[in-house]
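*Asks:* Below is the structure I would like to discuss, written out as structure tokens.
The values are calculated or read from the model by the stated rules, or taken from the named source; none is laboratory data. Because the structure is predicted, anything quoted here is derived from the model rather than measured. No Cβ is skipped: glycine too gets one built from the backbone with ideal geometry, and neighbour counts run over all protein chains shown.
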Amino acid sequence: MTTTRRYPAATKNRRPTPLGLREAVQKKPHIELHSSTTHYAKLSQAGEAKTARGQMSRILETALLAALVLAAAPAHAFIAYVSNEKSNTVSVIDTDSWTVTKTIKVGQRPRGIDFTRDGKFVMVAVGDDDTIQVIDAKTQTVVDSLPSGPDPELFAQDAAGKTLYVANENDNTVTVIDLEKRARLGDIQVGVEPEGMTISPDGKTLINTSETTNMAHFIDTSSRQIVANVLVDARPRFAEYKHDSSEVWVSSEIGGTVSIIDPKKHEVIGKVTFEIPGLRKEAIQPVGIGMTRDDKTAFVALGPANRIAVVDVASRKVTKYLLVGQRVWHVAFTPDEKYLLTTNGVSNDVSVIDVAAQKVIKTIQVGELPWGIAIAP
Amino acid sequence: MSSITTREAPRGFSSAEYMTCLTGIVWREGLRFLHQRERFVSALVRPLVWLFIFAAGFRQVLGISIIPPYETYILYEVYIAPGLMAMIQLFNGMQSSLSMVYDREMGNMRTLLVSPLPRGFLLFCKLLAGTAVSLLQVYAFLLIAWLWDITPPPQGYLTVLPALILSGLMLGSLGMLISSGIKQLENFAGVMNFVIFPMFFASSALYPLWRVQEGNPYLYYLCEANPFTHAVELIRFALYGQVNWISLAVVALCTIVFMIGAILAYDPSRGLARRGPAGGEG
């Protein structure tokens, strides 16, 4: 009896646990009746279920505690923010329960989304309102806005989180914003329909891709001048630096490839190509790229192919395709890199990938046309 | 064995005697299965053909909606895996009852029937033996499926076991019930066509039922009423560590009904005997 009393208390103080364990606890006592169960079955099983459940959860709690002691670093719950382009909202997802805990009303056509470096605010580009809104992560409400150019789509900030560079899709410019003063510092002229933005780890080089010009523009952040233009395949959407600064990966939506650029020589030095049996080539439209911190594995979202390609960075070859929801655009890692979340625009959901197992474990409904995703640091 | 013969009271049998009978029958069935290597191979090839060829063609068909017990989008081959596991059991159930017809024709059955143990128990042993054989086949299939990237959660391999035993018993007893009405081996093929194929296709083994409902609501009701659908769903949920209570109830009920039916049909005073002497002599 003493044990039965002790455990509920232990449960309360339990720290967040790795998903697998957590799910095991939630799932195993699934003697919990199925929603469509008949009354008859309910009556006959309720009695046994109660005791069985108690016993089962006790066993599981014990196992859980044991596992907690064994596990070196238990995972923490993170908060993911997903911009829903069509419903003009941002969905807040708790990565512990994998549920949407809040939906925040924002401006029109929210797309690019990211945290400030201190993790206190979420910035979301609301293109049709020609601004970037600032959400307070604590109160989860819109508190301010930043002066971008017209139709902001994606943005990047320097390592210190002081300067923000915004690609304004309709204006062929990149706006430079001082994040502390929340003031506009100036504009940089780039190609037509700028979108992809990434900044070198040392903060010296900004790369912007323009969808119609099909170029990656290398911009010196101190002089705010373009120093090189690199031609890539049709409709470049997204750029990502390797963490060791040796390569820049640029995805081309129409070209169906990821171009790998040497940022020193400003040359395309390789390409990642994709092929999925049974799918026509046009359905493969690479957009979002996520690279693990060790620069070993890249995850590329393939749009209407409904797949995430797992790419071995060294060999530049796809090792696996993971099925997610429809028209997958962008991806984000949890800070511990255990999970990768993807936004699936057409099916209105977010898929969760177990990074180590390279398996899709769950898909969560969010708002309409989810586009971008950011996870609290 | 001597304990059996020297036993004083002839009424009732000890559990040891029941066990001797059970292990004897299961052992024989196991031996028979192992010696028929073609049977093992064909039992594996059948679902694998579906998995490798059929599912490859339909790969893009699914992945458009998330249905329980799945928590994300799945490929078609992942969807049909539980259906194929049930198919293995369906064929196996029919095949082991086919062997009953064969036994009767060959006269082997009399060896079994001279046992003083209750007829119902003998049949139950036979069913258990058949189910055990089907488990071997299913797990072999799961192993190959795993190599094919159909990877249910590790604990699923354990939680699916009770579901497989129950569905194996249900399909086996159904086969036994059918076999009681068949006197010759040749007739069995026809029955297979009238039982196996309708049962398999009018079920959730190959396509989710909401798809069937879209096409034809009446067919949907037929599928819902098909015990095989519930065997498939029971296995599907159990493979992901969940219980589908409705399917469990349906499968359990059907198992009892079919089993009682088979025991009655094989009762010498009602079933076989009334229809004349056992096959092979007629």
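*Asks:* Based on this model, can you work out whether A:S245 counts as surrounded by fewer than 21 Cβ atoms within 10 Å (Cβ to Cβ), at pLDDT below 95, under 20 Å from A:D294 (Cβ atoms) and among the small types (G, A, S)? Break it down into steps so the answer makes sense when it comes.
*Replies:* Values: surrounded by fewer than 21 Cβ atoms within 10 Å (Cβ to Cβ): yes; at pLDDT below 95: yes; under 20 Å from A:D294 (Cβ atoms): yes; among the small types (G, A, S): yes.
In short, yes.
*Asks:* Report, ordered by the first and then the second residue, all pairs with beta carbons closer than 7 Å, sequence separation of six or more or different chains, a first member in the stretch A:262-281 that is among the β-branched types (V, I, T), and a second member that is not in a strand (DSSP E or B).
*Replies:* Once the first residue is among the β-branched types (V, I, T) and sits in the stretch A:262-281, its partners that are not in a strand (DSSP E or B) give A:V268/A:V232; A:V272/A:R316; A:I276/A:I284; A:I276/A:A305.
*Asks:* Still on this model: Would a scan of the stretch B:105-118 turn up a residue that is away from chain A (no Cβ under 14 Å) and either crowded, with 24+ Cβ neighbours inside 10 Å or in contact with a Pro (Cβ under 9 Å, 6 or more places away or on another chain) (or both)?
*Replies:* So far as the stretch B:105-118 goes, yes, one or more of its residues are away from chain A (no Cβ under 14 Å) and either crowded, with 24+ Cβ neighbours inside 10 Å or in contact with a Pro (Cβ under 9 Å, 6 or more places away or on another chain) (or both).
*Asks:* Is it true that A:I104 is touching a Pro at 6+ places or on another chain (Cβ under 9 Å) and more than 24 Å from A:W249 (Cα to Cα)? Full working, then the answer.
*Replies:* Details: touching a Pro at 6+ places or on another chain (Cβ under 9 Å): no; more than 24 Å from A:W249 (Cα to Cα): yes.
Considered against the rule, which asks whether it is touching a Pro at 6+ places or on another chain (Cβ under 9 Å) and more than 24 Å from A:W249 (Cα to Cα), A:I104 comes out as no.
*Asks:* Still on this model: Could you list, in sequence order, all residues of the stretch B:150-167 that are of a type in the set (V, I, T), more than 10 Å from chain A (Cβ to nearest Cβ) and part of a helix (DSSP H, G or I)? It would help to see each step written out before you state the result.
*Replies:* To start, the set of residues in the stretch B:150-167 that are of a type in the set (V, I, T) comprises B:150-151, B:159-160, B:165.
So of that shortlist, the ones also more than 10 Å from chain A (Cβ to nearest Cβ) come out as B:150, B:160, B:165.
Listed by number, the residues that qualify are B:V160, B:I165.
*Asks:* Could you please tell me which pairs satisfy a Cβ distance under 6 Å, a separation of 6+ or placement on different chains, a first residue in the stretch B:222-246 that is within 9 Å of chain A (Cβ to nearest Cβ) and within 20 Å of B:L161 (Cβ to Cβ), and a second residue that is surrounded by 20 or more Cβ atoms within 10 Å (Cβ to Cβ) and among the acidic types (D, E)?
*Replies:* Here the result reads B:N244/B:E233, each pair linking the stretch B:222-246 to a residue that is surrounded by 20 or more Cβ atoms within 10 Å (Cβ to Cβ) and among the acidic types (D, E).
Listed here are the residues, each with its yes/no results for (1) touching a residue at least 12 places away in the same chain (Cβ under 8 Å); (2) surrounded by fewer than 21 Cβ atoms within 10 Å (Cβ to Cβ).
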{"residue": "B:L34", "(1), (2)": "no, yes"}
{"residue": "B:G57", "(1), (2)": "no, yes"}
{"residue": "B:S65", "(1), (2)": "yes, yes"}
{"residue": "B:G93", "(1), (2)": "yes, no"}
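*Asks:* For the stretch B:29-119, which helices (runs of 4 or more DSSP H) that fit wholly inside it have 2 or more residues that are among the aromatic types (F, W, Y)? Give the derivation first.
*Replies:* Working: elements: B:37-49, B:76-106, B:108-113.
Output list reads B:76-106.
*Asks:* Checking B:A81 against (1) under 17 Å from the mean Cα position of the chain (by Cα); (2) within 14 Å of chain A (Cβ to nearest Cβ), which test does it fail?
*Replies:* (2)
*Asks:* Looking at B:Y70, B:Y79, which one is farther than 30 Å from B:Y18 by Cβ, of a type in the set (S, T, Y) and buried (at least 22 other Cβ atoms within 10 Å of the Cβ)? Can you show your working first?
*Replies:* Working: B:Y70 fails: buried (at least 22 other Cβ atoms within 10 Å of the Cβ).
So the residue among B:Y70, B:Y79 that is farther than 30 Å from B:Y18 by Cβ, of a type in the set (S, T, Y) and buried (at least 22 other Cβ atoms within 10 Å of the Cβ) is B:Y79.
*Asks:* Still on this structure, please answer the following. Answer yes or no as to whether A:K204 is farther than 30 Å from A:V100 by Cβ and out of contact with any strand residue (DSSP E or B) (no Cβ under 9 Å at 6 or more places or on another chain).
*Replies:* Numbers: farther than 30 Å from A:V100 by Cβ: yes; out of contact with any strand residue (DSSP E or B) (no Cβ under 9 Å at 6 or more places or on another chain): no.
Against the criterion (farther than 30 Å from A:V100 by Cβ and out of contact with any strand residue (DSSP E or B) (no Cβ under 9 Å at 6 or more places or on another chain)), A:K204 does not qualify.
*Asks:* Right, here's the next one. Working only within the stretch A:258-284, note down all residues that are of a type in the set (S, T, N, Q) and surrounded by fewer than 23 Cβ atoms within 10 Å (Cβ to Cβ). Show your work before the answer.
*Replies:* Of all residues in the stretch A:258-284, those of a type in the set (S, T, N, Q) come to A:259, A:273.
Listed by number, the list holds a single entry, A:T273.
*Asks:* What are the pairs, 6+ residues apart or on separate chains, where a residue within the stretch A:136-151 that is of a type in the set (D, E) has its Cβ under 6 Å from a residue that is in a loop (DSSP other than H, G, I, E, B)?
*Replies:* From the stretch A:136-151, the pairs are A:D151/A:E169; A:D151/A:N170.
*Asks:* Please determine whether any residue of the stretch A:243-261 is closer than 29 Å to A:V134 by Cα and out of contact with any strand residue (DSSP E or B) (no Cβ under 8 Å at 6 or more places or on another chain).
*Replies:* Taking every residue of the stretch A:243-261 in turn, none turns out to be closer than 29 Å to A:V134 by Cα and out of contact with any strand residue (DSSP E or B) (no Cβ under 8 Å at 6 or more places or on another chain).
*Asks:* Then there is this: Could you list, in sequence order, the residues of the stretch A:320-377 that are out of contact with any strand residue (DSSP E or B) (no Cβ under 9 Å at 6 or more places or on another chain) and either crowded, with 24+ Cβ neighbours inside 10 Å or under 23 Å from A:T116 (Cβ atoms) (or both)?
*Replies:* A:D336, A:E337
*Asks:* Out of (1) assigned to a loop (DSSP other than H, G, I, E, B); (2) at pLDDT 55 or above, the odd one out for A:A72 is which?
*Replies:* (2)
*Asks:* Which members of the stretch B:223-244 meet the condition of being under 19 Å from B:L158 (Cα atoms) and either part of a helix (DSSP H, G or I) or not polar (S, T, N, Q) (or both)? Quick ask: steps written out before the conclusion?
*Replies:* To start, the set of residues in the stretch B:223-244 that are under 19 Å from B:L158 (Cα atoms) comprises B:231-244.
Within the stretch B:223-244, B:A231, B:V232, B:E233, B:L234, B:I235, B:R236, B:F237, B:A238, B:L239, B:Y240, B:G241, B:V243 qualify.
*Asks:* Do we find that A:R327 is free of Cβ contacts under 8 Å to residues at least 60 places away in the same chain, out of contact with any Lys or Arg (no Cβ under 9 Å at 6 or more places or on another chain) and within 14 Å of chain B (Cβ to nearest Cβ) in this structure? It would help to see each step written out before you state the result.
*Replies:* Numbers: free of Cβ contacts under 8 Å to residues at least 60 places away in the same chain: yes; out of contact with any Lys or Arg (no Cβ under 9 Å at 6 or more places or on another chain): yes; within 14 Å of chain B (Cβ to nearest Cβ): yes.
Against the criterion (free of Cβ contacts under 8 Å to residues at least 60 places away in the same chain, out of contact with any Lys or Arg (no Cβ under 9 Å at 6 or more places or on another chain) and within 14 Å of chain B (Cβ to nearest Cβ)), A:R327 qualifies.
*Asks:* Another question, if that's okay. Report, ordered by the first and then the second residue, all pairs with beta carbons closer than 7 Å, sequence separation of six or more or different chains, a first member in the stretch A:335-359 that is within 9 Å of chain B (Cβ to nearest Cβ), and a second member that is assigned to a strand (DSSP E or B) and of a type in the set (G, A, S).
*Replies:* Partner pairs satisfying both residue conditions: A:N344/A:S351.
*Asks:* Still on this structure, I have one more. Hey, among the residues in the stretch B:9-60 that are of a type in the set (D, E, K, R) and closer than 24 Å to B:F124 by Cβ, which one's modelled with the lowest pLDDT? Steps first, please.
*Replies:* First pass over the stretch B:9-60, keeping only residues of a type in the set (D, E, K, R): B:11, B:17, B:28-29, B:32, B:37-39, B:46, B:59.
Of the ones still in play, those that are also closer than 24 Å to B:F124 by Cβ are B:11, B:17, B:28-29, B:32, B:39.
Details: B:R11: 59, B:E17: 83, B:R28: 82, B:E29: 81, B:R32: 80, B:R39: 78.
Looking at the filtered set, the residue picked out is B:R11.
*Asks:* Do we have A:F274 as touching a strand residue (DSSP E or B) at 6+ places or on another chain (Cβ under 6 Å) and closer than 26 Å to A:P335 by Cα here?
*Replies:* No.
*Asks:* If a residue has to be within 20 Å of A:T99 (Cβ to Cβ), over 12 Å from the mean Cα position of the chain (by Cα) and small (G, A, S) to count, how many in the stretch A:346-377 make the cut?
*Replies:* 2
*Asks:* Quick test of your reading of the structure: A:T292 fulfils all but one of (1) more than 15 Å from A:I207 (Cα to Cα); (2) free of Cβ contacts under 8 Å to residues at least 60 places away in the same chain; (3) of a type outside the set (K, R). Name the failing condition by number.
*Replies:* (2)
*Asks:* While we're here: Taking A:L164, is it part of a strand (DSSP E or B), in contact (Cβ under 8 Å) with a residue 60 or more places away in the chain and surrounded by 19 or more Cβ atoms within 10 Å (Cβ to Cβ)?
*Replies:* Working: part of a strand (DSSP E or B): yes; in contact (Cβ under 8 Å) with a residue 60 or more places away in the chain: no; surrounded by 19 or more Cβ atoms within 10 Å (Cβ to Cβ): yes.
No, not satisfied.
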